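So the structure is just underneath, and the comments pick up after that.
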Amino acid sequence: MMPTDPPARRTAVTRSVHDGRRRRGQHDVTMLESPLSATWRPAVREKAVLVGVGRGIEESSLDELAALADTAGAEAVARVIQSRSDPDPATFVGKGKLEEIHRALHGEGADAVILDDELSPGQLRNLEDRLGVKVIDRTALILDIFALHARSREGKTQVELAQLNYLLPRLRGWGEAMSRLGGGIGTRGPGETKLEVDRQHIRRRISKLKRDLKNLARTREVKRARRQSSGIAQVAIAGYTNAGKSTLMNALSQANVLVADQLFATLDPTTRRVKLPTGREITLSDTVGFVSKLPHDLVEAFRSTLEEVALATLVLHVADASSPEIESQVAAVHEVLYEIGAGHVTEVLALNKIDLVDEDQRRRIANRIPGGVPISAATGEGLEVLTERLAEVIPRPPVEVRLLVPYGREDLTARLYREAEVLSEEPGEGGTLVWARVGERELAAAAAFVLNGDETGD
């Protein structure tokens, strides 16, 4: 028989955090903290049973959930699937499957159940009561991974905001004392000012986090405005998580971005300058990876970061050519791009990891996803073709002019190569003859050297 008692309650780990900037007389604040902080991994991995529900679902449909669980520090020891169009409103799975999950838990000695969808507060409470173990839905799992990998102040603030927004409607389901915050997957991140938090306290914390993010967003906007005012085209790298975005960023720009065979290994955006074959420079920004069923709270919390994509000149979409799910992954990325207002931005699709694909598979991928550029960021295959495609697709400056740049003003010629499109260059009498396509800023800077009519400089 399945146990009906509530799961054993765990004691949260607390610590006192003293802010030296606080005024004298104010008390230190006690913060909740999970033993699984962003720099700590468990010596013994949690064992978890994976559960999926959907029409025509197969065990392989849980492969991505297993990868997410592995990234979070859990070992998937069993999988339970149920083919049905709609989940059970009370327990997500039917009564028979609930008993199958219970047998799998005890047979494998598992500590948790991880479900491949977001559950309602009632479903979470009912499953924990009936199974007697920790129950984690897909949203909590992804938020947990983000909490594990967040490094910058902005990243940590964004993750905490998303976690608290997710937690707020679930307080009643887990008890006002939030005794569920006891350690392990699904418990990293928020950290509150007292153990027995209430809704008002969480709402105050959410308001503060939103204010903090607004201040951090202003700094980001200033940096973005500087890049935009430079006249340099901005390219945002986007794609499904673990598609190789950071590896490609490193290959194109020699940046030192963390590369790991994990989902959501990098969260904080990195921007570098890259020179294209034409000599024109662009900025390349690496962004957070996307995934199917990306939690809405996470999209909202990371909106200021994701605006890098929406405001870019071009999106460099990186897809994993070696994945059997490449088409659904490309579709999932497009869905998120539209959600953040970047659906209109011109896109170049890079089919990465092509070195892991044989010739027959390459032909099939080319037929299924026409227009993609096959590359391998790891070996360098196809990168030259990719940069040439970027140079072709990035909008050209609007005005063609012929200039006589005096000798000694090589700085202006260099700027034209950097920010405009130089069509030809040849030495002339008294200076260098340059034929270029320029924007308003470059035209203003070079206006004194524009040749009119039949002037040639000879």
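Residues whose amide H falls under 5 Å from that of residue 290, counting only those 5 or more places apart or on a different chain, are 239, 240, 241, with hydrogens built in the peptide plane.
In terms of the mean number of neighbouring beta-carbon atoms within 10 Å, the peptides 108-115, 347-354 order highest first as 347-354, 108-115. Length gained on full extension, residue 219 to residue 423: 69.8 nm, using 0.36 nm per residue less the C-alpha separation. The HN-Hα couplings worked out from phi for the range 112-126 by the Karplus form 6.51 cos²θ - 1.76 cosθ + 1.60 (θ = phi - 60°) are 8, 10, 10, 9, 8, 8, 7, 9, 6, x, x, 4, 4, 5, 5 Hz, whole numbers, x standing for Gly and Pro. On a C-alpha basis, how far is the centre of the range 79-122 from the centre of the range 321-382 in Å? Whole number, if you could? When both Cα centres are located, 34 Å separates them. How would you classify the range 230-393 from its alpha-carbon gyration tensor, with a ≥ b ≥ c the square roots of the eigenvalues: rounded for a/c under 1.5, else prolate if a/b is greater than b/c, otherwise oblate? Rounded, because the longest to shortest axis ratio a/c is under 1.5.
A cut-off of 5 Å between modelled amide H atoms, ignoring neighbours fewer than 5 places along the same chain, links residue 84 with 54, 55, 56, 57. Here the peptides 72-81, 360-369, 335-344, 274-283 are ranked by packing, the mean other Cβ count within 10 Å, and the order with the highest first is 72-81, 274-283, 335-344, 360-369.
Model label sites at residue 55 and residue 153, defined 7 Å from Cα along the beta-carbon direction, differ in position by 5.0 nm. Backbone geometry of the range 59-69 corresponds, through the Karplus equation with coefficients 6.51, -1.76 and 1.60 at θ = phi - 60°, to 3J(HN,Hα) couplings of 4, 5, 5, 9, 4, 5, 4, 5, 5, 5, 4 Hz, x marking Gly and Pro. A cut-off of 5 Å between modelled amide H atoms, ignoring neighbours fewer than 5 places along the same chain, links residue 378 with 353.
Per-residue 3J(HN,Hα) values for the range 71-76, derived from phi via the Karplus relation 6.51 cos²θ - 1.76 cosθ + 1.60 with θ = phi - 60°, read 4, 7, x, 10, 10, 7 Hz in sequence order (x marks Gly and Pro). Legend: residue pairs 156/245; 134/156; 245/293; 97/293; 156/275, Cα-Cα distance threshold 27 Å; pairs beyond threshold, 156/275.
Values quoted throughout were computed directly from the atomic coordinates according to the rules given, and no laboratory measurement underlies them. Only a predicted model underlies this, so the values are computations on that prediction, with no experimental measurement involved. For neighbour counting, all protein chains shown are included, and Cβ atoms are generated from backbone atoms with ideal geometry for every residue, glycine included.
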